[in-house]
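Here is the structure we will look at, set down as structure tokens.
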Amino acid sequence: MTTAFSFATATEILFGRGQADGAAARIHALGQKLLLVRGRGEGRSRNLVQELVALGCEIVEFPVPGEPEMSLIEQGVRQARQAGVQAVVALGGGAAIDAGKAIAALVPATRPLMDHLEVVGLGLPLDCPPLPFVAMPSTAGTGAEVTRNAVIGVPRHRRKVSLRDPSMLPRLAIVDPALTDGCPRDVTLASGLDAITQVIEPYVCTRANPMTDALCRDAIPRGLAAIQRLMQGEDAAARDEMAWVSLCGGLALANSGLGAVHGLAGPLGGLTKAPHGAICGVLLPHVLRANRRAAGDPALIARLDQVAGWINAGFGGQGGDMEAAVTRLIQFSQDSGLLSLGALGVDEEAIEGAARAAASSSSMKANPAMLSADDLRDIMRAAG
């Protein structure tokens, strides 16, 4: 009998190469005064801005130079309120989409951001519906276009935590792989490994359900194949595959859970400023090994062995041996230029801080095995 479950996502998802071509008309229908949240450069958003202006929209552009922190979100909320914007559009990587999602949520809110943040704040639900929000990812990694949270850095606490509410799911997600074409190799690697992590962790977590299982079973082997092709050179078909895997990861994690990779990545990102995708990529094989050693539930062990089989097959091997899978994944990542945790700025102080902080992370609650603080230290040291 199929397990009972719920599944929630963006109101509408448009997926496929060329879907961005009709974005302006769809966005214009949501409001005339718009906040456009974008990455550091204007290149990806220039055509969209021109099309929206031609339709009579008033655009306030808000660049996001890096992973968002509280001060940047608060600045964006002030600008959006002053301009009287009616909807928010984010075109960029996961940082821009998280920033746009948070700003859209907080513009109508009556309470300050800290009241709604998990872990370091009060974690209160939003008291007003967010502004309509449109997400257009230009990297294939976070799946933030279909999630109900935004990850925000809180420098005072040296943590990255979530602003989370069911109403934060985007009104429209436009996933056009053409927006990821030409993405730099290092960003493609880090974001791609993040996407693969986000279809592996929901599959082996304790909250998996039949819908997320279907998404992840399909996406894991496809992601492993696509990331290898993209490391060999620009490949439009592989970009399409990676965008699909990223979307599946967002759908899956929003409706099941994650695990120790993300349980550690949040604290490590807050302690070091290292890129989220790179942290996830370097931690993934070591967390898989630790989970396989510590898992007690036969069903979860079987899933971990299945993931190991996909990894081995994806890199030219066979069988479900986790040690072989870990070795292959580490070798591929190193050969492709992924930095170690130490090279990313993670020192022993950060390891200690992350091991303590991970216990309060929402991602750890669904991990397939009980990992102690010592286990987490060993994982990070092995990745160093």
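No value in this document is a laboratory result; all are computed from the given coordinates. The structure displayed is predicted, hence computed values, not measured ones. Here the Cβ positions follow ideal geometry from the backbone for every residue, glycine too, while neighbour counts run over all protein chains shown.
For the range 235-253 and the range 119-150, what is the separation of their C-alpha centers, rounded to whole Å? After rounding, the separation between the Cα centres reads 19 Å.
Between the C-alpha center of the range 257-283 and that of the range 334-384 there is a gap of 7 Å.
Among Arg239, Arg81, the ranking by other beta carbons within 10 Å of each residue's beta carbon, starting with the fewest, stands as Arg81, Arg239. Mean separation of Cα pairs under 8 Å and 6 or more residues apart, divided by the residue count, gives the chain a relative contact order of 16 percent. Residues Phe5, Phe133, Phe62, arranged from fewest to most other Cβ atoms within 10 angstrom of their Cβ, appear as Phe5, Phe62, Phe133. With both labels modelled 7 Å from their Cα along Cα-to-Cβ, the Met114 to Gln50 distance reads 4.5 nm.
Calculated mean residue ellipticity, 222 nm, the chain: -16000 deg cm²/dmol, from DSSP H runs (n ≥ 4) at -39500 (n - 2.57) each, averaged per residue and rounded to 500. Applying 1/(1 + (r/R0)^6) with r as the Cβ-Cβ distance of Gln306 and Ser360 and R0 = 30 angstrom yields a FRET efficiency of 0.50. Loop-located trypsin sites (Lys or Arg not before Pro) in the range 1-41 (DSSP state other than H, G, I, E, B) with a sparse environment of at most 13 neighbouring Cβ atoms within 10 Å: Arg40. Please list, by residue number, every one of the trypsin sites (Lys or Arg not before Pro) in the range 136-179 that is coil in DSSP and has at most 13 other beta-carbon atoms within 10 Å. When the trypsin sites (Lys or Arg not before Pro) of the range 136-179 are filtered for loop state and at most 13 Cβ neighbours within 10 Å, Arg156 remain. Computed about the Cα centre, the dipole magnitude for the range 12-179 is approximately 260 debye when only Lys and Arg (+1) and Asp and Glu (-1) carry charge, each at its Cβ. Taking the longest Cα principal axis of the chain as reference, the axis of helix 210-232 is set at about 90 degrees.
Farthest toward the positive end of the dipole of the chain, out of Ile200, Gln306, Ile152, is the Cα of Ile152, where the dipole comes from beta carbon charges about the Cα centre. The Arg229 and Ala373 beta-carbon pair, evaluated with R₀ = 51 Å, returns a calculated FRET efficiency of approximately 0.85. Each residue of the range 100-113 was assigned a 3J(HN,Hα) from its phi angle through the Karplus expression (A = 6.51, B = -1.76, C = 1.60, θ = phi - 60°), giving x, 4, 5, 5, 4, 6, 9, 4, x, 5, 9, 9, x, 3 Hz with x at Gly and Pro.
Remark: relative contact order (the range 110-236) = 23 percent; criterion is Cα-Cα distance under 8 angstrom and separation of 6 or more residues. Think of the range 184-304 as having a plus end and a minus end, set by charges on the Cβ of Lys, Arg, Asp and Glu; of Ala260, Val245, Pro221, Ala260 sits farthest toward the positive end of this dipole. The alpha-carbon of Lys33 sits under 12 angstrom from the alpha-carbons of these aspartates and glutamates, leaving out residues fewer than 8 places away in its chain: Glu58, Glu61. Restricting the range 1-78 to GluC sites (Glu not before Pro) that sit in a DSSP loop and have at most 15 other Cβ atoms within 10 Å of their own Cβ leaves Glu42.
Ser362 sits among other residues whose Cβ lies under 15 Å from its own Cβ, and their net charge, with Lys and Arg +1 and Asp and Glu -1, is +3.
The residues packed around Asp321, meaning those with a beta-carbon under 14 Å from its beta-carbon, carry a net charge of +2 if Lys and Arg are +1 and Asp and Glu are -1.
If you take the Cα centroid of the range 1-54 and the Cα centroid of the range 78-99, the two points sit 12 Å apart.
Taking other C-beta atoms within 10 Å as the exposure proxy, Trp244, Trp310 rank Trp310, Trp244 from fewest upward.
Charged side chains reduced to their Cβ positions (Lys and Arg at +1, Asp and Glu at -1) give the chain a dipole of some 480 debye around its Cα centre. Compared with the dominant principal axis of the Cα atoms in the chain, helix 236-255 is inclined by about 90°.
Estimated from the Cβ-Cβ distance and a Förster radius of 30 angstrom, the FRET efficiency linking Ala29 and Gln75 is about 0.60. The Cβ shell under 14 Å around Ser167 holds other residues with a net charge of +2, Lys and Arg each +1, Asp and Glu each -1. Computed from these coordinates, which is Cα extents along the principal axes in Å: (i) 81, 66, 34; (ii) 59, 48, 43; (iii) 89, 66, 35? Recomputing Cα extents along the principal axes in Å here gives the entry labelled (ii).
Can you tell me the dipole magnitude for the range 95-227 around its Cα centre, using point charges on the Cβ only (Lys, Arg +1; Asp, Glu -1), in Debye to the nearest 20?
Here the size comes out at about 320 debye.
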